[in-house]
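Please treat every number below as a calculation from the coordinates, not as lab data. Note that the structure is a prediction, hence the values are computed from the model and not measured. Neighbour counts are summed over all protein chains in view; Cβ atoms, including those assigned to glycine, are modelled from backbone coordinates with ideal geometry.
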Amino acid sequence: MIADSPLLQVEQLKTYYPIKKGVFSRTVGHVKAVDDITLSIHKGETLGLVGESGCGKSSFGRSIVRLENPFEGRILFENEDITYRKQKELREVRTRLQIIFQDPYASLNPRQRVADILAEPYIAHNLATGSQVQARVNRLLDMVGLPQAYKNRYPHEFSGGQRQRIGIARAISFEPKLIVCDEPVSALDVSIQAQILNLLSDLQQELNLTYLFIAHGIGAVKYISTRVAVMYLGKIVEIGDKDELFRSPRHPYTQILLQAYPKPDPTLRADKRIVIQGDVPSPANPPSGCRFHTRCPYAQELCRVEEPVLDEQPHAVACHFPLAQ
Amino acid sequence: MLNYFIIKLAPGNPVDMFIDPNTPKEVLELRKEILGLNDPVILQYFKWLLNLLQGQLGYSFSSYAPVTKIIGERIGPTLLLASAALIFGMLIAIPVGILSAVKQNTKFDYIMTGLSFIGTSIPQFFLGLGLIYVFAVQLKWFPTGGMITLGGAGGFWDRLTHMILPVFVLGIVIAGKKVRYVRASMLDVMNMDYLRTANSKGLHPFIVTNKHALRNALLPIITVVGMEIPLLLGGSILIEQIFQWPGIGQLTIQSILSRDYPILMGLNLVAALIVLTTNLLTDLLYAAADPRIKYT
Amino acid sequence: MALSPYELDEGSMSAVIPAESVKPETEDAFLKQLFTRFIRHKLAVAGLVITVLLILVALLAPWIAPNDPKEVTGVFSAPPSAEHWLGTDQVGRDVLSRLIYATQISLIVGFVTVALYVTVGTLIGIVSAYFGGWLDMLIMRITDMFMAFPFLMVILVVISILGSNMTTIILVLALFSWPSVARLVRGSVLSIKQLDYINAGVALGLSTPRILFRHIFPNAVGPIIVNATFGIASAIMSEAGLSFLGMGVQPPTASWGNMLTDAQSLTVLTDQPWLWVPPGAMILLTVLAINFVGDGLRDALDTRQ
């Protein structure tokens with residue numbers, strides 16, 4: 001039973017940010033960044049999580065590594081409930097659960113040399129001393145494809161792609177089980193993106209890693225994922241095996257997202273394009289019923305009133321009128 | 001409130017200061033009793049607060065005149081001096097700061113930046129003394145101090161000649177500081193895209209500077225001017241002392257020397273009120289000038 | 001123009017993995033860059049030279065001053081002469097010697113005051129920003145309260161009560177100066193706290209003190225240094241002002257401020273300029289020099305340029 005249980009189980013997770021107003025900072029409402037998400041991530045897989053900017057995918061990723069405090073729900077990591085633990089009690093868990101950030105310029109301390117950035121995890125957790133630390137740092141640099149000679153440089157001396165390699169090296173320093181990749185390639189040039197994605201899949205093989213790969217573009221997700229989840233306004237609208245989801249999307253939103261992704265072969269382009277209407281509604285005050293109904297080309301009366309739930313199938317969808325398989 | 005306790009807990013009291021050491025102890029105690037100095041500090045504070053609510057600030061220990069009356073007489077001259085200096089300072093700072101920014105890295109800019117540094121670095125009392133020496137003692141253009149010629153006919157011109165030197169000293173220091181703010185603020189705005197747009201539309205540089213840049217550059221300056229008020233009140237203490245200007249600054253020094261606590265309490269209250277009022281005014285002005293800010 | 005870290009050319013990188021070009025500098029690039037930027041600022045360099053000279057004068061005062069600053073030499077209010085280069089004061093003390101010894105007072109007040117309140121202000125600012133909540137609210141209201149008072153007026157009152165000597169002046173100036181540092185530090189800590197390298201530190205399970213002092217503080221230190229430099233100048237100026245009013249350093253100890261006090265009398269002002277022009281000029285020179293250094297530092301630390 002234990003052997004079969006997923007690496008990470010998220011149950012009805014809600015991460016809300018209070019909106020404060022006035023002299024006494026009264027809470028007048030909540031931005032529902034993550035609103036009732038349930039999903040599991042299994043050992044060895046890469047779950048891609050896509051959605052527009054502001055849909056809450058980063059908040060979800062940060063909640064899992066407990067950089068945000070969840071409002072409600074449960075996060076089980078290797079069967080341990082880490083949802084409401086204090087930072088101090090999370091220290092050990094953090095050696096098994098890591099994150100890679102989007103902006104390689106903001107994610108490295110400009111006043112630390114590369115060697116110090118990479119040595120810090122070992123020193124702070126008393127995992128190695130002296131020459132051992134140096135050996136580990138050298139090994140990390142090798143693993144992410146950076147010359148050891150770069151050790152004594154500061155982050156600003158590197159390019160975006162090289163910085164992201166440093167960020168990755170830091171995340172794998174503990175050889176964690178799960179890494180949340182929070183849009184790790186979105187800030188990079190296209191040519192560099194491919195290198196970083198290759199590096200991530202190589203490391204996954206080598207270290208037996210599991211990824212939650214967050215992105216707003218379809219391309220990277222399609223390349224690296226084994227399973228894909230689509231998020232809209234704090235909720236998962238569709239989740240399933242990558243190939244199946246890309247071949248026959250069941251949610252209108254997924255369909256539109258996939259169509260928006262330019263295909264290299266012009267003959268494959270859809271003749272009829274469904275254009276998405278309007279702006280993303282505010283997550284502080286989401287629409288009633290199905291949250292997508294304000295922009296959905298197929299919306300009907302029912303969609304306005306009743307909120308659809310994610311069905312129980314392996315390729316699950318939350319829609320009253322899912323597209324034909 | 002903080003002030004009240006600091007002052008009250010001080011060793012020494014006015015009765016002790018002004019007495020002849022030969023006065024019998026009983027007389028002394030009686031005087032203290034009359035002035036309410038034997039009550040516990042807390043009780044004294046609440047008495048003072050209660051009186052405050054009724055508009056009473058008590059009586060001076062040295063002259064026995066009501067505090068409100070004494071401060072009332074002195075506040076006018078200080079407000080006159082301070083506001084004249086603020087206006088004078090900003091009248092220098094705004095144009096010079098704008099020109100410095102527009103002509104960035106020219107000789108004019110360097111000279112003005114240098115002068116502004118000297119303006120902020122020169123001690124007010126030294127500048128004041130120097131000006132008195134040159135313009136009042138040597139050239140005899142202005143009087144050495146006071147607000148009006150004693151026994152003279154008075155009048156507007158008389159007052160103006162007395163004001164010029166102190167206003168100049170106080171204003172120069174303000175100008176020195178503000179020139180750099182105006183310049184920096186103007187430079188920030190000038191790098192904005194909407195100014196590039198205005199320039200590329202072929203608008204006359206004068207219009208670009210005055211209509212497009214200035215309005216946006218002045219916004220942060222409003223706040224900065226507001227922040228200047230407490231410093232201005234502090235500065236007026238030194239200036240009033242040097243120029244024997246009969247304002248609250250001079251009164252502060254006199255009251256400290258004579259340990260006249262009711263007056264000091266009143267002065268601090270007035271000063272705090274002035275600062276709070278100007279803070280409020282600054283906020284309101286800012287809201288009026290910036291269409292993005294709304295008070296709901 | 002020096003290249004800011006954010007302007008590195010991303011486009012020149014080819015598809016070959018580790019061969020991306022890297023700037024040649026290696027050792028302490030940050031300090032080096034700071035230094036080159038600072039020395040381009042000529043006035044700042046001049047200011048630094050003058051400041052160093054003043055520190056030397058203060059340290060070497062017993063050896064370079066011709067007389068004991070408190071010694072009465074016999075001639076009263078004598079104009080400058082070969083024996084007394086800057087004349088003597090009304091009590092007959094050598095003005096030059098007093099001027100030299102007063103450098104000690106000014107610099108001690110300047111540096112000690114700033115060291116004191118910058119340390120306190122920084123700690124309070126960091127604590128306020130990092131822990132937030134009611135503690136932050138409370139600290140910010142306290143700073144508001146301190147900052148709403150007219151600085152000099154309150155200081156005068158407090159000093160008149162506590163008695164005026166150098167220690168009181170230092171303590172009182174520090175007491176009323178820490179709030180601005182605390183607010184400054186709080187502001188920069190709040191903005192740094194949101195950056196991902198702090199999140200990365202949290203995600204790595206680093207301890208709070210380690211994050212505060214290894215990651216946040218080093219990145220907030222620039223504005224603090226600039227503020228401290230200007231603070232030294234302003235503390236020196238405040239001491240001079242207080243001493244001038246007779247509320248500061250008391251004679252016979254020499255301070256530039258109290259040397260100017262006598263000039264309030266018209267006879268001194270008119271007939272004995274050697275008594276008041278030199279100390280005034282020294283205050284101006286010192287404050288100006290330190291302000292130039294501060295300005296140079298600010299420009300050097302400003303990555304926007």
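Structure above, values below:
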{"read-out": "Listed pairs A:LYS151/C:LYS32; B:LYS103/B:LYS177; A:LYS32/A:LYS222 exceeding 22 Å between Cα atoms", "value": "A:LYS32/A:LYS222"}
{"read-out": "For segment A:285-299 and segment C:257-274, distance of Cα centres in Å", "value": "82 Å"}
{"read-out": "Positive-end residue of C:HIS215, C:MET153, C:GLY246, charge dipole of segment C:148-305 with Cβ unit charges", "value": "C:HIS215"}
{"read-out": "5 angstrom amide H check on A:ILE99, placed H, neighbours 5+ away", "value": "A:VAL180"}
{"read-out": "Dipole of chain C, positive end: most advanced residue of C:THR36, C:THR229, C:PRO279 [Cβ charges, Cα centre]", "value": "C:THR229"}
{"read-out": "Dipole of chain A, positive direction: furthest Cα of A:LEU200, A:GLN112, A:THR38, with charges on the beta-carbon", "value": "A:GLN112"}
{"read-out": "Residue mean of other protein chain beta carbons inside 10 Å, A:112-124", "value": "3"}
{"read-out": "Cys residues of chain A counted as unpaired, since no other Cys beta-carbon is under 4.7 Å", "value": "A:CYS55, A:CYS181, A:CYS296, A:CYS319"}
{"read-out": "Theoretical ellipticity at 222 nm over chain C - DSSP helices of four or more residues, -39500 (n - 2.57) apiece, nearest 500", "value": "-22000 deg cm²/dmol"}
{"read-out": "Part-to-part distance (alpha-carbon centres) for segment C:190-254 and segment C:112-132, which is given in Å", "value": "6 Å"}
{"read-out": "Other-chain or far-sequence residues with amide H under 5 Å of A:ASP35's (modelled H)", "value": "A:THR15, A:LYS235"}
{"read-out": "Mean-position separation - Cα centroids, segment B:174-233 and segment A:200-233, in angstrom", "value": "49 Å"}
{"read-out": "Assigned charges on the beta-carbon of Lys, Arg, Asp, Glu; chain A dipole about Cα centre (debye)", "value": "960 debye"}
{"read-out": "FRET efficiency, A:LYS88 to C:LYS70 (Cβ-Cβ, R0 60 Å, nearest 0.05)", "value": "0.50"}
{"read-out": "Within chain A, percent of DSSP bridges classed antiparallel, to nearest 5", "value": "60 percent"}
{"read-out": "Number of partner chain Cβ atoms within 10 Å, mean per residue of C:242-254", "value": "2"}
{"read-out": "Calculated from backbone phi, Karplus (6.51, -1.76, 1.60) coupling profile of segment B:184-199 in Hz, x at Gly/Pro", "value": "5, 4, 5, 5, 4, 5, 5, 8, 6, 5, 5, 7, 4, 4, 4, 5"}
{"read-out": "Total charge dipole magnitude, segment C:183-275, about the Cα centre, Cβ charges on Lys, Arg, Asp, Glu only, Debye to nearest 20", "value": "700 debye"}
{"read-out": "Estimated dipole of segment A:121-220 in Debye, rounded to 20 [Cβ of Lys and Arg +1, of Asp and Glu -1, Cα centre]", "value": "320 debye"}
{"read-out": "Angle between chain C longest axis and helix C:95-131 axis [Cα atoms, degrees, rounded to 10]", "value": "30 degrees"}
{"read-out": "Expected 222 nm ellipticity per residue - DSSP helices of 4 or more, -39500 (n - 2.57), all of chain A, to 500", "value": "-8000 deg cm²/dmol"}
{"read-out": "Protection proxy ranking, peptides B:138-145, C:225-232, A:161-168, average beta carbon neighbours within 10 Å, highest first", "value": "A:161-168, C:225-232, B:138-145"}
{"read-out": "Residues whose placed amide H lies under 5 Å from that of A:GLY29, excluding near-sequence neighbours", "value": "A:ILE19"}
{"read-out": "Projected-area mean, chain A, by convex hull of Cα positions, square nanometres", "value": "19.5 nm²"}
{"read-out": "Length-normalised contact order of chain C in % [C-alpha pairs under 8 Å, at least 6 apart]", "value": "25 percent"}
{"read-out": "Taking N as its residue count, the alpha carbon Rg of segment B:233-283 over 2.2 N^0.38 Å", "value": "1.22"}
{"read-out": "Principal-axis tilt of helix A:114-124 within chain A, Cα atoms, nearest 10 degrees", "value": "90 degrees"}
